[in-house]
Amino acid sequence: MTDLYPKPPHLMIAVWSADDEEWVFGRACDVAGEFGCVPTGVAEEWPAKKVWYRRKGLGTVIVERLFGTESETHPVAISSSAGALGWPEELWTAKDRKAAYKLAGWATDVLRDLSSRTAAVYGAIAVEETLPTPSALRAGISIGSLPFLSAGLPTAVHDKFHAALGRTQTVDWPNGTFFPGWRPYTRGNAATPDRAALTAASTTLGNTLLRRNNEQ
């Protein structure tokens, strides 16, 4: 089974939604198919829940349920090999640069569609990272530097992320805001996040979701 996994380093396009996990997983499979991924017929059922695909020029792609506690909804991700996106930019050849920009554009489009289809509360694109669950956010584990936030979140949460990623030229989507903080995702200058502020913003997000859950 290991040869069916994407080659490292791994690129993760992930969302967290408060809706039913199986429904969210199904929408993620729909998105993978519509973005050029062809099912290979290999799957693992709950609790692991993975479905394998292949995409021309990218190789193995997996729709997967990410790690989380049994008492909360798990994030869902579309994962692939990161290719040149997993290497320092100064090591890129001209061919690597072209491939990196192409993959970054594809990943951004996938996150935009995935977040919309699943009514995602938050999400991210990351290399060799996972998307924290709400409880992990509250425990001080930060979202990466390419986060998505739903438009339905309080202004105070958005303000915290804007402060942490202050030099990032955000992109407004119909369902929320994407923070493309580093090349090749951003059209502007790459921005180094304030890591302490990003962790604090992530904790605020986790606490907000806990309060929402308690109010239901």
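The values are calculated or read from the model by the stated rules, or taken from the named source; none is laboratory data. What you see is a predicted model; the values in this text were computed from it and never measured. In this analysis, Cβ positions are derived from the backbone assuming ideal geometry, glycine residues included, and neighbour counts consider all displayed protein chains. SASA here: full protein model, heavy atoms, side chains in, ligands and nucleic acids out. Shrake-Rupley method; radii C 1.70, N 1.55, O 1.52, S 1.80 Å.
Assorted remarks:
- Looking across the range 32-52, the residues that are in contact with a Lys or Arg (Cβ under 6 Å, 6 or more places away or on another chain) and outside any strand (DSSP E or B) come down to Gly36, Lys49.
- Residue within the range 4-14 that is basic (Lys, Arg), at pLDDT below 95, part of a strand (DSSP E or B) and under 24 Å from Glu129 (Cβ atoms) present: no
- Every residue from the range 26-75 that is of a type in the set (Gly, Ala, Ser) and more than 18 Å from Arg117 (Cβ to Cβ): Gly41, Ala43, Ala48, Gly57, Gly59, Gly68, Ser71
- Candidates Glu21, Glu89, Glu45, Glu64, filtered to the one that is loosely packed, with under 13 Cβ neighbours inside 10 Å and among the charged types (D, E, K, R): Glu45
- Every condition in (1) charged (D, E, K, R); (2) over 17 Å from Arg117 (Cβ atoms); (3) in a loop (DSSP other than H, G, I, E, B) holds for Asp19 except the one numbered (2).
- Residues within the range 143-180 that are more than 17 Å from Thr118 (Cβ to Cβ) and open to solvent by 30 Å² or more (accessible area, probe 1.4 Å), tallied: 13
- Listed by first and then second residue, the pairs with beta-carbon distance under 6 Å, at least 6 apart or on different chains, first residue in the range 103-121 and surrounded by fewer than 22 Cβ atoms within 10 Å (Cβ to Cβ), second of a type in the set (Lys, Arg), are Arg117/Arg27.
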